[in-house]
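Worksheet: one structure, shown below.
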Amino acid sequence: MNVSPNILFLTSFLGAFIVSLVATPAIISLAGRKQLFDMPDNHRKFHSHTVSSLGGVAIFFAYIIVTSLVVQPFIFGKWHYLIAASLLFFLTGLMDDLVELSSWKKLIAQLVPIAIVVIPGDIRLHSLYGLLGVNELSYGASVFVTIFSITFFTNAFNFIDGIDGLAGTMGILYTLILGICLSLTGNTGAACLAFSLMGATAGFLRYNITPARIFMGDTGSLLLGFTISVLSILFLNSYNWLPDISHRLYNERNAAIFILALLSLPIAVCLRVFTIRLGKGLSPFRADRNHLHYFLLDTGLSHIQAVMIILLSSLVITVSAYLLQPAGPSIMLLAATIVLMCIFTLVYLIRKKKLTQAATGKP
């Protein structure tokens, strides 16, 4: 039976949205009965009451159930590798949310599912499209670069899950844009994955907006970061010269820089935090408040205001790179870098001024 791709996309989104919307309050109720809560610490966790961190369970099951029904092997033959890896990520995140794994154990546990999609699944970067002067990659280099990239972004996305609604909002943005890009290349199966994950996250977000009734926890953030990474690679590998995509992203290098610009904010946040921690002789995985979202809260903004600023910043970076395509890929990359630096500098200066005023008592 031939079904319009647009119908599949809509079904993927709405199906996952409804399942997540129904499942999330049930998980909130179960967590309340079983006392499965994330306790506030008044340092990095600002909620004034106990909140469950099991929202990722609803996201996972909504995403898996719907994609298993919608995505057929003939439209996405590598789905079984991705579902196996997603299940392992779900178990890793769930264990961390319940018993809190050490950073190194969690990192090692992530490498197994990532290796599954990269090696037997053969979902990997075949080229760097001229970035850093590198084009085609050998098989060994391709495997290494892909595993490193997916691992890094998965944890970078996990880093932004620090305030109400932020990871969910950014997850919806990324899956929406990737879903559109994949659909324009004719990669219907991967686009269904994107729209399904978007729906599952949107259903959860209904209960995660301030004041949050539930958090997605590592169960959700690791799954989102991992899947967004894989979808990005699938898009780059499926880029073609079909008019629908080539009229919008002129060539593969522009497409690569566009995706890099889209995902640049969590990447930049992670690089900055890692640099600060290593510079102090600390573990790069040690928790602290050097994240952009905490800096925004320090300026006096609410959770919703901070989320909107980060969302708009990401959109400005992405749109700037997209509109500067005629100027060439180097200008696209430069523009994204300049916008990122301006955002971090402005937030840093405003925060510094606010903290100085609070310390001195001066208006």
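The values are calculated or read from the model by the stated rules, or taken from the named source; none is laboratory data. Here the structure is a predicted model, which means the values were calculated and not measured. For neighbour counting, all protein chains shown are included, and Cβ atoms are generated from backbone atoms with ideal geometry for every residue, glycine included.
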Report, ordered by the first and then the second residue, all pairs with beta carbons closer than 6 Å, sequence separation of six or more or different chains, a first member in region 268-282 that is at negative phi and in contact (Cβ under 8 Å) with a residue 24 or more places away in the chain, and a second member that is surrounded by fewer than 18 Cβ atoms within 10 Å (Cβ to Cβ) and part of a loop (DSSP other than H, G, I, E, B). V273/N290
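Conditions tested, residue by residue: (1) in a helix (DSSP H, G or I); (2) in contact with a strand residue (DSSP E or B) (Cβ under 9 Å, 6 or more places away or on another chain); (3) under 30 Å from V22 (Cα atoms).
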{"site": "Q110", "(1), (2), (3)": "yes, no, yes"}
{"site": "A115", "(1), (2), (3)": "yes, no, no"}
{"site": "G121", "(1), (2), (3)": "no, no, no"}
{"site": "F152", "(1), (2), (3)": "yes, no, no"}
{"site": "A156", "(1), (2), (3)": "yes, no, yes"}
{"site": "G203", "(1), (2), (3)": "yes, no, yes"}
Show the residue pairs that are 6+ apart or on different chains and have beta-carbon atoms under 9 Å apart, the first residue being within region 233-254 and over 16 Å from S183 (Cβ atoms), the second being of a type in the set (G, A, S) and in a helix (DSSP H, G or I). I233/S149; N254/A321
Test L128 against the criterion of being in contact with a Pro (Cβ under 8 Å, 6 or more places away or on another chain), of a type in the set (A, V, I, L, M, F, W, C) and in contact (Cβ under 8 Å) with a residue 24 or more places away in the chain, and give yes or no. no
Expected single match for small (G, A, S) and buried (at least 23 other Cβ atoms within 10 Å of the Cβ) among A194, A156, A212 is A194
Select from region 199-209 the residues that are β-branched (V, I, T) and crowded, with 21+ Cβ neighbours inside 10 Å and list them in ascending order. T201
Could you tell me which residue of region 141-193 is farthest from the chain's Cα centre (by Cα), considering only residues that are among the hydroxyl-bearing types (S, T, Y) and closer than 22 Å to N290 by Cβ? T151
Which one of these is at pLDDT below 95, of a type in the set (F, W, Y) and under 30 Å from L234 (Cβ atoms): F76, F37, F61, F13? F76
Suppose we filter region 260-285 for residues that are within 20 Å of the chain's Cα centre (by Cα), over 15 Å from I310 (Cβ atoms) and assigned to a loop (DSSP other than H, G, I, E, B); how many remain? 2
So which residues in region 82-121 are of a type in the set (D, E, K, R) and in contact with a helix residue (DSSP H, G or I) (Cβ under 7 Å, 6 or more places away or on another chain), if there are any at all? D96, D97, K106
H293: passes all of (1) at pLDDT below 90; (2) surrounded by fewer than 21 Cβ atoms within 10 Å (Cβ to Cβ) but (2)
Whether any residue in region 215-236 is assigned to a loop (DSSP other than H, G, I, E, B), touching a strand residue (DSSP E or B) at 6+ places or on another chain (Cβ under 8 Å) and within 23 Å of G15 (Cβ to Cβ) is what I want to check. no
Residues located in region 256-290, provided they are small (G, A, S), surrounded by 13 or more Cβ atoms within 10 Å (Cβ to Cβ) and at pLDDT 80 or above: A256, A261, S264, A268
Checking R253 against (1) over 18 Å from the mean Cα position of the chain (by Cα); (2) surrounded by fewer than 17 Cβ atoms within 10 Å (Cβ to Cβ); (3) of a type in the set (K, R); (4) in a helix (DSSP H, G or I): exactly one of these is not met. Which one? (2)
Checking V112 against (1) out of contact with any Pro (no Cβ under 6 Å at 6 or more places or on another chain); (2) at pLDDT 95 or above; (3) surrounded by 14 or more Cβ atoms within 10 Å (Cβ to Cβ), the condition it does not meet: (3)
